[in-house]
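Undergrad: Just dropping this structure here.
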Amino acid sequence: MQITCPACAATYEVPEALLVPGRRARCARCGHEWEPSANAPPPAPEIPEAAPAPDSFPLIPETPLVATSARMIATPGIPPRRRPGVAIWLGWAASLAIVVYAGYAAAHHRGAVMRSWPPSIRLYDALGLTAPAAPAKP
């Protein structure tokens, strides 16, 4: 069934099973809440008034642009954007520490890596890291 927002005339296709008495709907476009009924016909579309003659348009808008943009920024129902907290910075720091440690381990234990995974020899050669000398046996 199709329901229409009474505030902005946005239409939505909703299964009739969801349209139970007492259940409210919220418009995704304007945020208006209303109680749709399953057997109510959709409202008739509004007929716009005839446009005024071109010479009657005002040259200066009635509301300043600053006020219009301020209203657009401070939209009710949309929470303001929060700054990242301490947890996000700790997560980034931990991720960086893991990457640095993995690089250190790959460089420090390159001999063992080269023995266990021979294709890595080409990578270490490209990076200018050669296999460490084998320890001398007494």
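The values are calculated or read from the model by the stated rules, or taken from the named source; none is laboratory data. Nothing here was measured: the structure is a model prediction, and the numbers come from that model. Positions of Cβ are backbone-derived with ideal geometry, glycine not excepted, and every protein chain shown enters the neighbour counts.
Undergrad: Name the residue, out of Ala38, Ala44, Ala51, Ala28, that is small (Gly, Ala, Ser), in a loop (DSSP other than H, G, I, E, B) and modelled with pLDDT of 80 or more.
TA: It is Ala28.
Undergrad: Collect the residues in segment 77-135 that are of a type in the set (Phe, Trp, Tyr) and either touching a residue at least 40 places away in the same chain (Cβ under 8 Å) or part of a helix (DSSP H, G or I) (or both), keeping them in residue-number order.
TA: Trp89, Trp92, Tyr101, Tyr104, Tyr124
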